[in-house]
1. Put a dot 7 Å past each Cα toward the Cβ at Glu67 and Arg89; how far apart are the dots in nm?
2. Write down, largest first, the equivalent ellipsoid semi-axes of the range 59-107 in whole Å, where each equals the square root of 5 times an eigenvalue of the alpha-carbon gyration tensor.
3. How far is it, in nm, from the label point at Lys75 to the one at Val52 when both lie 7 Å from their Cα along the line to the Cβ?
4. Can you spot the aspartates and glutamates whose alpha carbon is less than 18 Å from Lys99's alpha carbon? Ignore those fewer than 8 places along the same chain.
5. Under a crude label model (7 Å from the Cα following the beta-carbon direction), how far is Lys115 from Lys38 in nanometres?
Amino acid sequence: MKKTLLVVSTVLSMLFAGFAFSADSPCLADRHVAKGVKCEVCHVAPTPGAVVKVNKEKCLACHQSYEVLAQKTAKLEPNPHFNHMGAVRCTDCHTGHTKGQLMCNDCHKFDLQPK
């Protein structure tokens with residue numbers, strides 16, 4: 001009985017630690033999961049087990065448009081969603097399972113970190 005309680009409490013502790021980490025994670029996928037967005041919302045595989053990259057249209061299905069995103073990030077200088085590059089692919093800055101990288105910093109040196 002004590003072993004069972006220990007195992008259950010360990011598993012629950014790991015789960016709660018995982019949820020706490022997910023909300024603050026630098027990984028976009030973790031933050032989506034923490035908000036209740038299932039993987040299948042963005043990754044729709046044509047066949048089971050197929051790897052599917054997320055395209056800009058899939059992102060904008062929830063995030064609406066670059067104009068809406070530019071309004072949400074209007075206080076950032078520079079505004080990463082209102083720039084001379086136009087409507088680039090979301091994945092140029094935002095990566096699902098690793099920390100994102102600001103594409104602008106390929107040429108510039110801005111102090112912004114993609115979420």
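1. Label-label distance for Arg89 and Glu67, simple model: 2.6 nm.
2. Details: eigenvalues 52, 45, 20 Å².
One finds semi-axes of 16, 15, 10 Å for the range 59-107.
3. Taking the two extended label points, one gets 3.6 nm.
4. Lys99 reaches Asp24, Asp30, Asp111.
5. Using points 7 Å along Cα→Cβ, the separation is 2.5 nm.
Coordinate-derived values only; no laboratory data. Computed from a predicted model, the values in this text were never measured in an experiment. As a convention, Cβ positions derive from the backbone with ideal geometry for all residues, glycine included, and neighbour counts pool all protein chains shown.
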